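Before any comments, here is the structure.
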Amino acid sequence: MSLSLLSAPFTRADSQVQGIMVAVMLALLPATAFGIFIFGWPAFFLWAVTLLSALAFEALCLELAGKPVKAVLLDGSALLSGWLVAMTLPPWAPWWIGVVGAGLGVVVGKQVFGGLGQNPFNPAMLARVALLVAFPLEMTTWALPSLPFSSSAPGLFDSLAITFAGAPAADGMTGPTLIGNWKTEASQGRGLSESLVSGHYNVMASILGWKAGSLGETSSLLVALGGLWLLKKNIITWHIPVSLLATVALLASVFALTDGERYAGPLFHLTSGAVMLAAFFIATDYVTSPSSPAGQLIFGAGCGLFIFIIRTWGAYPEGAGFSVLLMNALTPVIDHYVRPRIYGRDLKGRPLDLPGGRR
Amino acid sequence: MAAFSFFSFGASGKIRGGVHPKPRKEATFDRPIETAFPLPERLYLCLQQHAGQPAEPVVRVGDKVLKGQLLAAGQGAISAPVHAPTSGVVTDILEYPAPHPSTLPTPTLLLEPDGEDRWIEIQGVADPFALPPEEISARVGAAGVVGMGGAAFPSAVKLNLGRKTRIQTLLINGGECEPYLTCDDRLMRERAADIVDGILIMLHGLECNKAIVGIEDNKPEAYAAVSAAAAPHGGKVEVRQVPSLYPMGWDKQLIRYFTGKEVPAGGRSADIGVLMHNVATAYAVQQAVRYGRPLVSRVVTVSGSAVSAPRNVEAPIGTLLADLLAFCGHRPDDTASYVMGGPMMGDFLPHPKVPLVKGTCGILALSPKEVAASDAKACIRCSRCVSACPAGLLPLEMMSRIRAGQLESALGYGLKDCISCGSCSYVCPSEIPLVHYFKYASGELVAREQNKHRTEQTKRLAEERQARFERQKQEQAALAAQRRLKAQQRKAEEAA
């Protein structure tokens, strides 16, 4: 007889692991669809290859470990990991980037630690950062957005060649990301106003996502809408997104006020790179973030702090992946020291004083 | 729930944690209490149906007894007497399966009703408020009244404690936050005046002037009825609505909600000037003091999908739960699980052929589709259990330590502060039986403590024995030496 028949409670909430994973993927759908819309067939191929590889790697690991393959595959966690990896890839990257990325995320990021719930680092960010270090060229070649079926959009066969045959993208079809451009220009001593012009910075286009960037990260608006929907569905809580975004915005505001030519403002920071995705989908990963609300606030603020530091003074243009991984490493420490106050006890766990000072 | 997790960060929120289980109360809350339950063929009266020492029989097999007659007297400081629920013959005193998941046999008194249901001569009081205050708890104790919400703690002991500690507020729990259960709801709707009378009697016994009745806002009829009954008594009995949230009926949660104060860990609510009783207990107190009727029956919810006519039944204590189920159209073939109490904190029963006791508020026959019965999956650390915990614990951390066998480490996470409310297990998307882990660990730690104590005691006894032997040896040696010395002296004297 199942244990749940013998021991209270005899009733359960409807929420299940699979449902949570599916909801997160639904929330990713608008931003992903938009990415595929503006970057064309190559983006779709890369996305599909990454997801299928993630499933294949998960199945392989489960088979090797002698665990039930079908039941665990159906929980949706491998598919979600693969999806998140795909979101962060340059949309025209060759197919093997997707395969290697999915392998790194699922195998090295998750299964070697014992599978779902056991990994210390966010699998998608681990894969992203490892790919960036190992394949810097492929990971920093950014396609420019174009309308489907327009003259600049690649046709189906060109797309197949881009993804599967390593055909180089035609001249004028790639360009730097906004942050990349800003960093390059800054390193050559040019100020922010100049680099924003040379990078064709447009506030509205940037928020909507019409710009060079990772497959699913360009539209901060759609990513944020997906995240808000998750908040509304109680899949995630507000603590990490709010503290992360507020920290980035606050630091950016303070520094931009001191030197607006050297430091980018909050709007630029919040709408570029992987900040939105990290705030709502990456840093909120249950497994690798603290479990107490106070711990989550600290965790989110730490991610925001590192993102700002790496972007502003680091060697890499984007810091979200590194920041989340750094804070992942701190999660056990945060969880150890930051715990909720227990009823009838003070924060240190001692019983509260009785009225009149008795203990 | 998101709104409540906001409070869980602060040092003192009004409500922490909690879940919203499907209420499933609609099956029974519209039907009046069934008072025409036919007397069963036999009544099984557990001698231990309260917290504390079991009662000691004062009748013998073959004795004819009247309704309300004392059958077994309470023993020691914490105990309660058991009275005859109807007139009849005591046919046996035997070991009979207890209403407990183990259904292990426990001393039980068997009563065969004679069908006349004749009361023994009972004495009520016309004006309970003219009695000396200590007389109230004496009468409540003699009537065998215990906490009717499930804990079954002798009410008189609590009243005495409350009078001694000079409590300022009497809280009356009309929360009934467990799904399915509606017995308190119906009692409040139908017998509000008696309940309020009982509250006033308790206030008199406690020498206290303030009572607050907390009723969940999903019981507007009960709230209206009790409010109307309390209205003539000036501000003495205040009736207030509380949010429908499980476990709102946890005494310490309700205390925090009404007073803003928390009971210090390891302490009692009386330590901060509060005492809590259930509405059904208030009713039993009123019956006991005003009419002199001992606690021999109670209202119990009979529900679940495997019951065709679910309702609240007023039944004599000692009725077999199986008889109650049968009375309400039970379909055994459709039953996956029997639960005594509510589905959140109730007890599993392997079969319902166990007696109704004073603390039983419900018997549920759940059909397979009602029972969540799939296997646990891996913890994804979603921390829903953390937001749900009303005690401010980290259930996922405690669980992972208990799984790793580190029970002491789980203690450091507040294992002893767990109230077993089941909110964590309820929300877990991986269906991990978290509470089960905590109950296991607590039990295991108690067993280890007892073992350690026993080992130490054995060791001490062995050491004492060793010391005694040593001492005896030394004494004998000293005696022998003395004797030798005397013998030598004698020899010396003889020689001289």
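Some notes on this structure:
- Subset of region A:266-293 (residues that are of a type in the set (S, T, N, Q) and either surrounded by fewer than 24 Cβ atoms within 10 Å (Cβ to Cβ) or away from every other protein chain (no Cβ under 14 Å) (or both)): A:Thr271, A:Ser272
- Listed by position, the helices (runs of 4 or more DSSP H) enclosed by region A:253-358 that each have at least 2 residues that are under 30 Å from A:Tyr201 (Cα atoms) and more than 15 Å from the chain's Cα centre (by Cα) are A:266-271, A:293-313.
- Complete set of residues in region A:235-265 that are surrounded by fewer than 16 Cβ atoms within 10 Å (Cβ to Cβ) and either touching a helix residue (DSSP H, G or I) at 6+ places or on another chain (Cβ under 9 Å) or more than 22 Å from A:Phe299 (Cβ to Cβ) (or both): A:Leu250, A:Ser253, A:Leu257, A:Thr258, A:Asp259, A:Gly260, A:Glu261, A:Arg262, A:Gly265
- Test: A:Pro42 is more than 30 Å from B:Ser423 (Cα to Cα), away from chain B (no Cβ under 11 Å) and at pLDDT 95 or above: no
- Sole exception among (1) among the small types (Gly, Ala, Ser); (2) touching a helix residue (DSSP H, G or I) at 6+ places or on another chain (Cβ under 9 Å); (3) part of a loop (DSSP other than H, G, I, E, B); (4) buried (at least 23 other Cβ atoms within 10 Å of the Cβ) for B:Ala410, by number: (3)
- Test: residue in region A:6-17 that is among the acidic types (Asp, Glu), within 25 Å of B:Leu434 (Cβ to Cβ), more than 26 Å from the chain's Cα centre (by Cα) and within 14 Å of chain B (Cβ to nearest Cβ): yes
- Residue match in region B:336-349 (condition: modelled with pLDDT under 95 and over 29 Å from B:Ala391 (Cβ atoms)): yes
To keep it simple, each residue is scored yes or no on (1) facing chain A (nearest Cβ under 7 Å); (2) assigned to a loop (DSSP other than H, G, I, E, B).
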position	(1), (2)
B:Asp375	yes, yes
B:Leu396	yes, no
B:Met399	no, no
B:Ile402	no, no
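- So A:Gly213, is it closer than 25 Å to A:Ala48 by Cβ, touching a Phe, Trp or Tyr at 6+ places or on another chain (Cβ under 7 Å) and crowded, with 24+ Cβ neighbours inside 10 Å: yes
- Lone qualifier among B:Ala322, B:Ala365, B:Ala410 - being more than 11 Å from chain A (Cβ to nearest Cβ), aliphatic (A, V, I, L, M), touching a Ser or Thr at 6+ places or on another chain (Cβ under 7 Å) and at negative phi: B:Ala365
- With respect to the stated conditions, B:Ser244 fails to be touching a His at 6+ places or on another chain (Cβ under 8 Å), without any contact (Cβ under 8 Å) to a residue 60 or more places away in the chain, on the phi < 0 side of the Ramachandran plot and not aliphatic (A, V, I, L, M).
- From the list A:Gly76, A:Gly117, the lone residue that is in contact with a helix residue (DSSP H, G or I) (Cβ under 8 Å, 6 or more places away or on another chain), of a type in the set (Gly, Ala, Ser), crowded, with 18+ Cβ neighbours inside 10 Å and at pLDDT 90 or above is A:Gly76.
- Failed item in (1) in contact with a Leu (Cβ under 8 Å, 6 or more places away or on another chain); (2) within 14 Å of chain A (Cβ to nearest Cβ); (3) touching a residue at least 60 places away in the same chain (Cβ under 8 Å), with B:Pro264 passing the rest: (3)
- Of everything listed in (1) within 12 Å of chain A (Cβ to nearest Cβ); (2) farther than 20 Å from B:Lys252 by Cβ; (3) surrounded by fewer than 18 Cβ atoms within 10 Å (Cβ to Cβ); (4) not aliphatic (A, V, I, L, M), the single unmet condition for B:His436 is (3).
- Residue ID - farthest from B:Tyr257 (Cα to Cα), chosen from residues in region B:197-245 that are part of a helix (DSSP H, G or I) and among the β-branched types (Val, Ile, Thr): B:Ile201
- For region B:337-362, filtered to residues that are more than 21 Å from B:Cys428 (Cα to Cα) and surrounded by fewer than 19 Cβ atoms within 10 Å (Cβ to Cβ), the residue that is nearest to the other protein chains (Cβ to nearest Cβ) is B:Pro350.
- For region B:424-463, filtering for residues that are among the aliphatic types (A, V, I, L, M), in contact (Cβ under 8 Å) with a residue 12 or more places away in the chain and part of a helix (DSSP H, G or I) leaves 5.
- Within region B:291-319, considering residues that are in a strand (DSSP E or B) and small (Gly, Ala, Ser), the one farthest from the other protein chains (Cβ to nearest Cβ): B:Ser297
- Qualifying residue in region A:127-136 (condition: surrounded by fewer than 17 Cβ atoms within 10 Å (Cβ to Cβ) and basic (Lys, Arg)): no
The values are calculated or read from the model by the stated rules, or taken from the named source; none is laboratory data. Computed from a predicted model, the values in this text were never measured in an experiment. Cβ atoms come from the backbone with ideal geometry, glycine included; neighbour counts cover every protein chain shown.
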